[in-house]
Each structure stands twice: as structure tokens, then as C-alpha cells.
Amino acid sequence: MHRISTTISQKHWELLKKHTEKYETQQKVLELALENLENSSKQSPELTREERMWLTQKSMNTTCIILKDNLKLLLETASFEMFNEYLDKHNPLEYTMEYYFQKPLKEISIKDLIEGVVVMGSMSNWFDTIDYIDNGNHFKLLITHSFGLNSSKLNKMAIERLFETYGARVESTYSEKTIFIKIFKINN
């Protein structure tokens with residue numbers, strides 16, 4: 001047993017008196033309060049991948065609200081040459097994944113990288129669906145959307161760039177509403 005002596009505010013003195021009536025001694029009240037503090041700090045639920053990605057996007061100032069019709073118009077008039085130059089210079093998906101996973105791109109497993117793209121793509125609302133399949137020697141990323149052919153081309157370019165930078169070979173096909181990207185596993 002240890003003896004403590006301290007001062008507390010009037011507000012906390014009233015709370016201590018109130019709870020002493022219920023729990024009989026000040027010692028019990030203080031011990032219960034300390035145990036509750038300890039238990040509540042342990043019970044903080046771990047964030048889901050999606051919640052972590054939202055926080056990542058917020059901290060990077062990448063979240064921007066825009067009406068889908070406006071986004072579609074911007075995509076229809078996009079310059080592929082300018083976008084390719086932008087990818088060469090900034091590779092935004094690489095930066096996003098490194099920030100999200102808090103480690104360099106090469107240290108992220110290819111499966112985690114694909115799952116990160118799926119979570120980010122799902123949260124962005126750019127895609128109607130985004131998922132992947134493990135086909136043994138490669139993963140297949142399956143994307144559907146309603147933003148037109150230019151959106152397919154631009155998103156294909158960005159996702160391919162990420163995985164090429166990672167060191168994986170990719171093969172893609174796309175249409176006005178779909179993107180299919182094979183990402184071949186790397187044998188280390």
C-alpha cells in the first residue's frame with residue numbers, strides 16, 4: 001500500500017464525495033477511476049484500413065469535393081501528355097502508398113500495395129467497383145466506372161506507373177467503363 005496526498009479542485013472534490021457515498025471509501029473511488037483510465041486506453045479500437053486511408057488523405061490535403069459530373073467533364077478534356085509529365089515528376093500513387101504504409105515503396109508487399117490501391121480507389125468514389133483477384137503468378141485488378149474512356153486511360157496510366165516503379169510487370173486492357181490490370185508477382 002502507498003499513501004498519497006494531493007489537492008484537487010472543488011469540482012473534483014464534489015465528484016469524489018459523491019462517489020465515496022456509492023463506493024464507501026475515497027481509496028476505492030480513486031482506484032476505480034485509475035483502472036477505468038487504464039482500461040479505456042486499452043480499448044481504443046484499431047483503425048480499419050479505410051479509416052487509416054481517410055486520415056492519410058486528410059493529412060496530405062488530397063481530399064477535394066467535386067461533383068461527379070464536373071469531374072467527368074475535366075477527365076474528358078484532360079491532356080494525356082501533361083498527365084504523363086505529372087506522373088513522371090510526382091508519381092502521386094507512390095507517395096500516397098508510402099505515406100499510408102509509413103515505409104518506402106520497395107518495403108511494401110505487393111499484396112498490401114494492391115489492397116492499398118483498392119481501398120484508396122474505393123474511398124475516392126472515382127470507381128463504381130474496384131477489387132482484385134490472386135491468380136497465382138499475378139494479381140488482376142478489376143475496376144468499373146462511369147467516367148468514360150479518358151478516365152480509363154488516365155487511371156490505367158497512374159496505376160501502371162505505381163507498379164512499374166515498384167518493379168512489377170503489368171499488362172492492361174481497358175474500355176470506356178472498365179480497367180483490367182494484371183500485376184505480375186515479383187520473385188525475390
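Each reported figure results from applying straightforward, stated rules to the coordinates on display, with no laboratory input. Remember, predicted model here, so these are calculated numbers, not experimental data.
Miscellaneous remarks
- Members of 68/153; 106/185; 111/177; 58/140; 89/177 lying beyond 19 Å, as alpha-carbon distances in this model show: 111/177; 58/140; 89/177
- Taking 0.692 mPa s as the viscosity and 37 °C as the temperature, the Stokes-Einstein diffusion coefficient of the range 107-157 based on its alpha-carbon Kirkwood radius rounds to 281 µm²/s.
- Note on the chain: with a GNM built from Cα contacts shorter than 10 Å, the maximum mean-square fluctuation among 115, 14, 176 falls on 14.
- For the range 1-122, the normalised intensity computed at q = 0.09, 0.10, 0.19, 0.22 Å⁻¹ comes to -0.55, -0.60, -1.15, -1.36 (log10 of I(q)/I(0), Debye sum over alpha carbons, equal scatterers, no solvent).
- Compactness index (Cα Rg / 2.2 N^0.38 Å), the range 91-175: 1.03
- Helical content alone sets the calculated 222 nm signal of the chain at -17500 deg cm²/dmol, taking -39,500 (n - 2.57) per DSSP H segment of four or more residues and averaging over every residue.
- Kyte-Doolittle mean at least 1.0, axial Cα span of 18 Å or more - DSSP H helices of the chain: 110-124
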